[in-house]
1. How much of the DSSP beta bridge set in the protein assembly as shown is antiparallel, as a percent to the nearest 5?
2. Could you put A:Leu55, A:Leu229 in order, starting from the residue whose Cβ has the fewest other Cβ atoms within 10 Å?
3. Quote the FRET efficiency, to the nearest 0.05, computed for A:Glu260 versus B:Glu85 with a Förster distance R0 of 35 Å and r equal to the Cβ-Cβ distance.
4. Could you name the aspartates and glutamates whose alpha carbon sits less than 13 Å from that of A:Lys134, not counting residues in the same chain fewer than 8 places away?
5. Where does helix A:212-232 land angle-wise versus the long Cα axis of chain A, in degrees 0 to 90, nearest 10?
6. Ignoring the sites themselves, what is the longest stretch of chain A with no chymotrypsin sites (Phe, Trp or Tyr not before Pro) in a DSSP loop and at most 15 other beta-carbon atoms within 10 Å?
7. So what does the Cα-only Debye profile of segment A:156-197 read at q = 0.17, 0.19, 0.30 Å⁻¹, as log10 I(q)/I(0), no solvent term?
8. Just to confirm the filter: which GluC sites (Glu not before Pro) across segment A:111-171 are DSSP coil and have at most 13 other Cβ within 10 angstrom of their Cβ?
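The numbers here are math on the coordinates, done by the rules we state, and not lab data. The model shown is predicted, which means the values in this text are computed figures rather than measured ones. Please note: Cβ atoms are built from the backbone with ideal geometry, for glycine as well, and neighbour counts cover all protein chains shown.
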Amino acid sequence: MAKDSLFQGKLVSEQEAEHITRVEELSYELKVEEVMASNPFTVTPETTMSEVLELFRQKRISGAPVLSGEELVGIISMEDLIKCLQNSDLQSTVRTYMSTRLLTIRNTDPSIEALKLFVNSHFGRLPVVNEDGKLVGILTKGDITSGILKALQHDYQEEEVRRYRASHLFEDIESDRSSLILRYTIKQGDFTRGGAASSAIKRALIRLGANPQIARRTGIAVYEAEMNLIIHTTNGGIIRVEIEPKQISITVSDDGPGIEDVSLAMRPGFSTASDSVRELGFGAGMGLVNIQRCVDSMRLESVYGRGTNLRLKIFLQEQEIVGEGK
Amino acid sequence: MNVRELVQLINGKLYNSSADLEREIKGGCGADLMSDVLASIQPEAVLLTGLCNPQVVRTAVMADVAAIILVRGKNPPPETIELAEEEGIALISSPFGMFELCGRLYAAGLASLERPVDGSDCSC
């Protein structure tokens, strides 16, 4: 997206650019040809104004480009027609009343360019031409609005469709017990990526139809565990999430260094984290406590010098089942 | 109060364009310990914090936070802004300190969304 550039005719400061919304983004993304009306009704300079009146009425349009052969020579609008009616002059031709002060827009321009023209010119419609200058469509402000609305709805529907598909994942698969397994490898010390796996897991659960509370509890538990792998392990570790319609089983494992005293590690506020980790807002000794609060069952096994294995389960109630539709 | 009104109220600077300015904020929570946030915050709150690393955004995603305010005019690093952009959570910086911000927001009618946590005795 072109930031710090002309936006609706004025220079956009960096601060304003921060407030640009998806709608504004779309006005840059959507090309004129994606929102215009193609194959517009056209008239010739010789068409009579009474024929124009009939055309506007029948086709429910309020303007039409004027073509002489292939060449665009003007535009005739409702306003011109009203002027003609005031003069009781319906027998005259389009040539008398059409506007020849022509502003056109290219089919490949972003719609924002058209919006700028509309704002600066106060014209109601713009003929759209291709690279050879040939008329290919007509554009009104309303076309841009409905084009953007359609695109917004499309964005929304794509996510809806994904969610719908995922939320019925297990429904058509026959087995005695179906599950979906997600695995993530977590690197030691990777604070920048820390939480990426948990975000992905939370998103997956929501797509599978998990209710927000279940997704949140799982997300928080896995996030704390993910940060533990990043902060405390020698070589990082693995997060494995098995999703079944009625339960989520999480295993977080690493190969060292292991926890010296598991019951001490479970005590709220106990921490072995370094100051640099604490500066990140972690290492306050609440991680394992938080995990326990979020899950229905927790088993922590560790052999000092060998590694740690954390097993968590979240059970879903009948109304909370995932992957089997609703 | 929605995000747009929040930004105005705190002379805030919004860092990401993906944020939904109409998103409703139900209350607030202030903390610098991410585990405290995860333990106590209720959904749809604004999170006030002095930290500005990407973990703040991750924490916000996990805890269904509606907006993040970085107190005392802190400038977040690019990776934090990028993540906020990706996740669509409003990332706002305000020149005021934590105490002042909590006061302003409370006075403007935002409730506390810090749930009391039992058994959080601290050994320090």
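1. The antiparallel proportion sits near 75 percent.
2. Going from sparsest to densest Cβ surroundings: A:Leu55, A:Leu229.
3. After rounding to 0.05, the efficiency reads 0.30.
4. A:Glu70, A:Glu71
5. With both axes taken from Cα atoms, the answer is about 60 degrees.
6. That would be A:42-303.
7. Values returned for q = 0.17, 0.19, 0.30 Å⁻¹ are -0.74, -0.78, -1.00.
8. Filter output for segment A:111-171: A:Glu131, A:Glu171.
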